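Scroll down for the structure; my scribbles are underneath it.
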Amino acid sequence: MQLARVIGTVVATVKSPGLEGVTLLVIQPLDRHRQPVGVQLVAADAVHMAGPGELVYFVAAREAAQAMPDPFVPVDHAIVGIVDAVSTLGGVTP
Amino acid sequence: MKIGRVVGTVVSTINVPAFDGRTLLLCDLLDPAGTRAGGYLIAVDSVGAGAGETVLLLDEGNSARQILAAPGAPIRTVVVGIVDSVVEDAATVGPGTVPATRTAGHVGKARAARRPASRAAGHAARPRRR
């Protein structure tokens, strides 16, 4: 799992069966200092509460689909939690 | 599996139910010599590792779900061990290169107390049997 910032939403009317009602968000993966790293991704929102601007963590690969109500959906990145705080050896950062 | 160092924890109240009651550790990835290899992973703890410790990371979902006894959980990365030392070509290259006296402080008092005296003395110094 990695940290990411939600930066947008994706609206799609025509979707693969099983993706109806799934919120798709654009996320920017972050390094542990919260600097953007890598390319932006589209991730399914498995917590149903994430929105643009929020710091989240996401899981990739097959495990992403496991986060969905139907685990046999074409999803390869899923947001599985919203970060309250990251406490590191240097201190706590909200 | 990968070698990492726990550099912090991630606190989250809104998450998928599979993460309820689990500790998320922020782990830097290391090369066998113990230097940062670049990148990090957020892993679910299964051994009680703490900040500063060198750990063994499992980054594969099926095994992760078995270890945590959580079938169907969207979990892929798990801390499955705490590294005492890394030996490469009969020479200790990893965290074990630190002097044996550092061991007690390095692993924390609680764990050092549980550890047999022979291990606390630093088995890194012992010659490898062949």
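Calculate the mean, over all residues of peptide B:69-77, of how many other protein chain Cβ atoms lie within 10 angstrom of the residue's Cβ.
On the way: counts 0, 1, 1, 3, 5, 17, 6, 8, 5.
The mean count of partner-chain Cβ atoms within 10 Å per residue comes to 5.
Dividing the alpha-carbon radius of gyration of the stretch B:1-68 by 2.2 N^0.38 Å (N being the number of residues), what value is obtained?
Details: Rg = 12.1 Å, N = 68, 2.2 N^0.38 = 10.9 Å.
Relative to the rule-of-thumb radius for its length, the stretch B:1-68 sits at 1.10.
Jot down the radius of gyration and Dmax of chain A, Cα atoms only, both in angstrom.
Expressed in Å, the Cα Rg and Dmax of chain A come to 13.5, 47.
Please compute, for peptide B:16-22, the average count of beta-carbon atoms on other protein chains lying within 10 Å of each residue's beta-carbon. Kindly include the intermediate steps, with their values, before the conclusion.
On the way: counts 11, 1, 5, 6, 0, 0, 0.
That works out to 3 on average.
Using only atoms on other chains, find how many Cβ atoms lie within 10 Å of each Cβ of peptide A:82-92 and report the average. Could you put the intermediate results ahead of the total?
Values: counts 4, 8, 6, 5, 9, 7, 7, 7, 2, 1, 3.
Mean inter-chain Cβ contacts per residue within 10 Å come to 5.
Amide H of residue A:80 versus every other amide H placed in the peptide plane: which residues, excluding those fewer than 5 positions away on the same chain, fall under 5 Å?
Those lying under 5 Å, H to H, from residue A:80 are A:57, A:58, A:59.
Cut-off 19 Å, label point 7 angstrom out along Cα-to-Cβ of residue B:29: give me the residues of the stretch A:1-34 whose amide nitrogen falls inside.
Counting backbone N atoms under 19 Å from the label point, the list is A:1-5, A:28-34.
With θ set to phi - 60°, apply the Karplus curve 6.51 cos²θ - 1.76 cosθ + 1.60 along the stretch B:39-44 and write out the HN-Hα couplings as whole Hz, x wherever there is a Gly or Pro.
x, 8, 9, 9, 10, 7
In vacuo Debye scattering of the stretch B:45-91, one point per C-alpha: log10 I(q)/I(0) at q = 0.23 Å⁻¹?
Log-scaled intensity ratios, in q order: -0.80.
Given 0.36 nm per residue, what is the gain on full extension from residue A:88 to residue A:26 after removing their alpha carbon distance, in nm? Please list the in-between numbers first.
Working: separation 62, 0.36 × 62 = 22.32 nm, distance 2.65 nm.
Result for the pair: 19.7 nm of gain on full extension.
Restricting to Cα pairs below 8 Å that are 6+ residues apart, what does the relative contact order work out to for chain A? Please round to a whole percent. Working shown, then result.
On the way: 195 pairs, mean separation 25.9, N = 94.
Averaging sequence separation for qualifying contacts and normalising by length gives 28 percent for chain A.
Just so you know, all these numbers are worked out from the coordinates, no wet-lab data involved. These numbers come from a predicted model, not from an experiment. Positions of Cβ are generated from backbone atoms using ideal geometry, with glycine treated the same way; all protein chains shown enter the neighbour counts.
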